[in-house]
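Since the structure comes first, as structure tokens, the remarks are kept for the end.
The values are calculated or read from the model by the stated rules, or taken from the named source; none is laboratory data. Quick caveat, the model's predicted, so the values are computed rather than measured. Every residue, glycine as well, gets a Cβ built from its backbone with ideal geometry; the counts of neighbours run over all protein chains shown. SASA here: full protein model, heavy atoms, side chains in, ligands and nucleic acids out. Shrake-Rupley method; radii C 1.70, N 1.55, O 1.52, S 1.80 Å.
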Amino acid sequence: MNKTPVKGKLLFFSIFSFFILASCVSKKDIIYFQNDEIDQSKVSNNYTTIFKPDDLLQITVSAEELKAVIPFNLPAVTYSVNTSSVAGQPTLQAYLIDSKGEIDFPVLGKIKIGGMSREEAIDFFKGALDPKFVKNPTINIRITNFKISILGDVQSPGMYTIPNERITILEALALAGDLNISGKRDQIKVMREIDSQKKEFFIDMKSNSLYTSPIYYLQQNDIIYVEPNYARIQSASSNSNTSLFISITGLLLTIVSILIR
């Protein structure tokens, strides 16, 4: 009885099984929150927005005396070229924080607001306006261009605008459709600008320690990068050589079949 076809089939099955097993991913590599207990003493729900250069702020001043606050609530209007009249509905003026951390605010002039928290900025405006200009003012400050960027091995990478100015890294990844199976979960990078310097932080999605991380709550203009795992990188680099790989594999199978006869 000729055993050569049987040996050839066994050899082919062994090589095929090797590649299948090599491509398998352990569930320990993809399951979230599997390591470490949550240290409740270090978990905090406090979140502080720090104003930075390039933030676009909408600042509203209100008080019982309406006439007193008019100079501080300038409307932003668009004029029609043909009629020289206001086009559309006027909105409140927005103030861009420049590279020095300053804005040019009506009456008060240049104000350094970069580096302040919202609470600090509100206290500053109240002190500057009351009682000289406005008695007992109420100040509201909102960032109109709060955004984050999510890049790398996720379902929907891109830039996302956050209307409520408060988002966790879990919520951000959910916006991007979650990580792909091939995304590395144990070393997600977050790039943040602090005092005009770029800082890098890393977070492990497999560990509950992420709840106590300084980047659990994201800041405006944070950039999240999810690195693909080794298998994904190898797959991307080998796709262009798939036909060559198949040819070489076929040649090796032929040679081995001849040798074992």
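Only one of the numbered conditions (1) open to solvent by 90 Å² or more (accessible area, probe 1.4 Å); (2) under 22 Å from ILE194 (Cα atoms) is not met by GLN155, and that is (2). Give SER213, SER209, SER182 a once-over and let me know the one that is in contact with a Lys or Arg (Cβ under 6 Å, 6 or more places away or on another chain), surrounded by 16 or more Cβ atoms within 10 Å (Cβ to Cβ) and at pLDDT below 95. The conditions single out SER182. Using the structure shown, decide if THR168 is touching a residue at least 60 places away in the same chain (Cβ under 8 Å) and among the β-branched types (Val, Ile, Thr). Criteria not met by THR168.
Which ones in region 108-152 are surrounded by 13 or more Cβ atoms within 10 Å (Cβ to Cβ), of a type outside the set (S, T, N, Q), in contact (Cβ under 8 Å) with a residue 24 or more places away in the chain and in a strand (DSSP E or B)? Listed by number, the residues that qualify are ILE139, ILE141, ARG142, ILE143, ILE148, ILE150, LEU151, GLY152. Just give me the residues in region 179-226 being more than 21 Å from GLY158 (Cα to Cα) and among the aromatic types (Phe, Trp, Tyr), in sequence order. Within region 179-226, just TYR211 meets the criteria.
When region 189-206 is filtered for residues that are open to solvent by less than 30 Å² (accessible area, probe 1.4 Å) and under 13 Å from SER149 (Cα atoms), the ones remaining, listed by number, are VAL190, ARG192.
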